[in-house]
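The values are calculated or read from the model by the stated rules, or taken from the named source; none is laboratory data. This structure is a prediction, so every number in the text was calculated from the model and none was measured. As a convention, Cβ positions derive from the backbone with ideal geometry for all residues, glycine included, and neighbour counts pool all protein chains shown.
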Amino acid sequence: MPGVILAFAWGLAEGTLFFLVPDVLVSLAAALDWRRAWKHIAAAALGAVLAGAIMFGWAARDPIAARHAVTRVPFVSAEMLASAEARYQSRGVGALFIAAITGVPYKVYAVTAPSHVTEPAFLLATFPARAYRFVAVWVIAGLLGAWLRISRRLTPSQILAIHISLWTVFYAIYWSVI
C-alpha cells in the first residue's frame with residue numbers, strides 16, 4: 001500500500017511542479033511484481049487528475065502566473081507552452097493523448113488547457129491520457145522484470161539497481177535533447 005500511495009503522490013507532484021514522471025515508480029512496481037502494478041497505474045493517473053484540476057483552476061484564474069511557474073520547472077520551456085497551444089488548436093482535448101508520447105510534460109497541457117477546452121472535458125480525458133502510457137511502461141517493465149527474475153535469477157535489489165541505471169540513462173538523454 002505505501003507504494004500505491006507514493007504513486008498517487010508522484011502523479012500529483014509531476015502533474016503540478018515536479019519534473020520526474022511517475023513512470024519511474026510504475027516501472028519499478030511492474031518489474032518487481034507486474035500483477036500488482038495496475039494499482040500503481042491507477043493511483044498515478046488519479047494523482048494526475050487531481051493535479052490537472054489544480055493546474056487548470058490556477059491557469060483559469062491567473063494564466064500568467066501559472067504558466068510562469070510551470071516554465072520555472074527544470075527542463076520546461078516556453079517553446080513547450082507554444083507546442084501545447086498548437087496541439088490544442090489542431091486537436092482539441094485529443095492533444096492530451098499525444099502529449100504522453102511527445103516529451104512535453106502534462107503540466108504544460110494543464111496550464112494551457114483553459115484557453116482551449118472545458119475543465120470537465122480536460123479532467124475526463126486526463127485519466128486515460130495519462131494511464132495509457134503507464135500501461136505501456138507496465139508491459140515493458142513487467143516483461144523485462146520477469147525475464148531478469150526468471151532467466152537471470154536476479155534479486156529485487158539487483159533489479160532496483162538496473163532500474164535506477166536505466167532511468168538515469170533515459171533522463172540523461174531526454175534532458176540533453178530538450
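Brief remarks on what is shown
- Among the candidates Ala48, Ala59, the residue that is at pLDDT 95 or above, farther than 16 Å from Ala131 by Cβ and aliphatic (A, V, I, L, M) is uniquely Ala59.
- Elements of type helices (runs of 4 or more DSSP H) contained in the range 16-135, each with 1 or more residues being surrounded by 14 or more Cβ atoms within 10 Å (Cβ to Cβ) and touching a Ser or Thr at 6+ places or on another chain (Cβ under 7 Å): 38-61, 63-71, 78-91, 95-102, 106-112
- Looking only at the range 96-128, and only at residues there that are modelled with pLDDT under 95 and of a type in the set (Gly, Ala, Ser), the one that is nearest to Ala60 (Cα to Cα): Ala99
- Flag for Ala121 being in contact with a helix residue (DSSP H, G or I) (Cβ under 6 Å, 6 or more places away or on another chain) and among the small types (Gly, Ala, Ser): yes
- Test: residue in the range 100-109 that is more than 16 Å from Asp23 (Cα to Cα) and of a type in the set (A, V, I, L, M): yes
- Condition broken by Leu20, with the remaining ones in (1) touching an Asp or Glu at 6+ places or on another chain (Cβ under 7 Å); (2) modelled with pLDDT of 95 or more; (3) of a type outside the set (Ser, Thr, Tyr) satisfied: (2)
- Gly142, sole failed condition from (1) farther than 16 Å from Leu20 by Cα; (2) buried (at least 22 other Cβ atoms within 10 Å of the Cβ): (2)
- Within the range 54-79, being among the small types (Gly, Ala, Ser) and within 19 Å of Glu119 (Cβ to Cβ) holds for Gly57, Ala59, Ala60, Ala65, Ala66, Ala69.
- Taken over the range 64-94, the criterion of being of a type outside the set (Gly, Ala, Ser) and more than 26 Å from Trp175 (Cα to Cα) is satisfied by Gln89, Arg91, Val93.
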